[in-house]
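Below: one structure, written as structure tokens.
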Amino acid sequence: MSSAPPQPAPDFERIRADFPRARTAAYFDNASSHPLSVHSAEALHRYVEWLTHEVGEPWWPAWAATRDQAQQLFASLINADRDEIAFARSTVEAESNIINGMSEHLAGGNVVTNDLAFSAALYNYQMRQLDGLDVRVVRHRDWQLDVAAMEAAMNADTRLVSVAMVSNVNGFLADMRALSELAHARGALLYADIMQAAGAVPIDVRALGIDIAACSTFKWLMGVKGYGFLYVRADLQGTIVKPSQHSGVASFNYQPWTDSPDPDAADILFQPTTGPSRYEVSYPSYEGAICAQESLRYIHELGIDNIRAHASSLTDRLHAELPKLGYPSITPPDNDSPIVSFVASDPAAAMQKLRAAGVHVAMRFGNKMRIAPSVYNNHDDITRLLEALA
Ligand SMILES: Cc1ncc(COP(=O)(O)O)c(C=O)c1O
């Protein structure tokens, strides 16, 4: 998708050494919570040291620069402009704020989503349905987002199509280009929950036609909870997507607040925040921004295509081997994400065997075993998992 020349493949064994968690377990639960690298941990320690021993003026410039760089690095990761990125505290919260801010756009229309979206996002839409919004939740077909069924659910009143670009259920990578074309043809916008996509698969919001997107950083962006990013296409900011929380400042135009009051101006002057910061209230988590800055640099250095190629070599083996051991897959084998899910006939027994072998996966929706290898996992980890379940 990007026209940049391919980056040389990194030495993934060296990368393994950057993640101490790799030494204590075969940890495959990166789609729940990714471990920190030593680089992010060191940056965080430095911040804690500063907070503990040195906090004081001037504190603003240093950490504001960190926040700005994290947002810039994220913008380039998804091929957006820096002025299209706000910080967000959570994916679900950002989507909820965005829906609130689009109330005029959504009025009288419908939203099309699907059952591979994140459950808290669906709950959010369900609550709005109770308030009168027409919400259409399209069912998956064979655990895949069914573009034709999504199209059938859309009509001239569709205002928003909302999907998880990569599903947390089984890693299914949605055809965002097809969805944006369908949405845009009806005057609707495409929102992408990129929580399981950012850092894991290539994202080009321009090429894919994504209008709005959000994620936090504790999964494939290798950061912490409570910090993330919101992308809103420049021309939608303050027009179709209005801020849903008030963000701005007040100043007093009288003494003793000012020595030179402006007689033609009001006593209290209110100035709204502009640009993407209009969607931000107060400070971000600087702990989050510091980790994100480190890990985004790291991800850029490795290159998303290299990260994908590494994860595929591991998930290919799972696709080939686990069904033979009695765990059928609910992720299509040609799916292009690092998350694969398998059905366990006896989930408790499977989890017990894995735990005993020091292997961490997620068991979700009763019996769906989700395995999500990252940059520091290797074939020995896969062997350990397969032997535990054999
Ligand atoms: C697809 C998806 N969206 C959203 C979330 C929640 O993100 P946040 O905690 O940033 O709201 C998760 C995971 O927890 C997820 O897998």
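The values are calculated or read from the model by the stated rules, or taken from the named source; none is laboratory data. Just so we're clear, the structure is a prediction, and the values are computed from it rather than from any experiment. Every residue, glycine as well, gets a Cβ built from its backbone with ideal geometry; the counts of neighbours run over all protein chains shown.
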Test: Gln293 is touching a helix residue (DSSP H, G or I) at 6+ places or on another chain (Cβ under 7 Å) and farther than 30 Å from Pro10 by Cα = no
inquiry  = Need a quick list: helices (runs of 4 or more DSSP H) entirely within segment 279-362 having at least 3 residues that are under 29 Å from Ser40 (Cβ atoms) and within 17 Å of the chain's Cα centre (by Cα).
reply    = 286-302, 304-321
ask   = Looking only at residues in segment 185-244 that are in contact with a helix residue (DSSP H, G or I) (Cβ under 7 Å, 6 or more places away or on another chain) and of a type in the set (S, T, N, Q), which one is farthest from the ligand (Cβ to nearest atom)?
value = Gln237
note = Of the listed residues (Ala164, Ala152), the one being in contact with a strand residue (DSSP E or B) (Cβ under 6 Å, 6 or more places away or on another chain) and either away from the ligand (no atom under 13 Å from the Cβ) or within 25 Å of Val241 (Cα to Cα) (or both) is Ala164
request  = Look through segment 143-191, keep the residues that are among the charged types (D, E, K, R) and in contact (Cβ under 8 Å) with a residue 40 or more places away in the chain, and return whichever of them is farthest from Phe365 (Cα to Cα).
outcome  = Asp157
query = Listed residues Ala22, Ala62, Ala107, Ala80; which is outside the structural domain of Pro284 (by TED's automatic domain parsing) and away from the ligand (no atom under 16 Å from the Cβ)?
reply = Ala22
ask   = Which of (1) part of a strand (DSSP E or B); (2) more than 14 Å from the ligand (Cβ to nearest atom) does Pro256 not meet, given it meets every other one?
value = (1)
note = Of Trp50, Trp60, the only residue that is among the hydrophobic types (A, V, I, L, M, F, W, C), farther than 22 Å from Ser337 by Cα, surrounded by 15 or more Cβ atoms within 10 Å (Cβ to Cβ) and modelled with pLDDT under 95 is Trp50
ask   = Any residue in segment 28-39 that is of a type outside the set (A, V, I, L, M, F, W, C) and within 20 Å of Tyr283 (Cβ to Cβ)?
value = no
message = If I ask for residues that are away from the ligand (no atom under 16 Å from the Cβ), in contact (Cβ under 8 Å) with a residue 24 or more places away in the chain and surrounded by fewer than 17 Cβ atoms within 10 Å (Cβ to Cβ), which ones from segment 115-141 would you list?
response = Asp134, Arg139
task = Mind telling me which of the residues Val201, Val232, Val249, Val224 ends up being within 21 Å of Ala183 (Cα to Cα), at pLDDT 95 or above and not basic (Lys, Arg)?
result = Val232
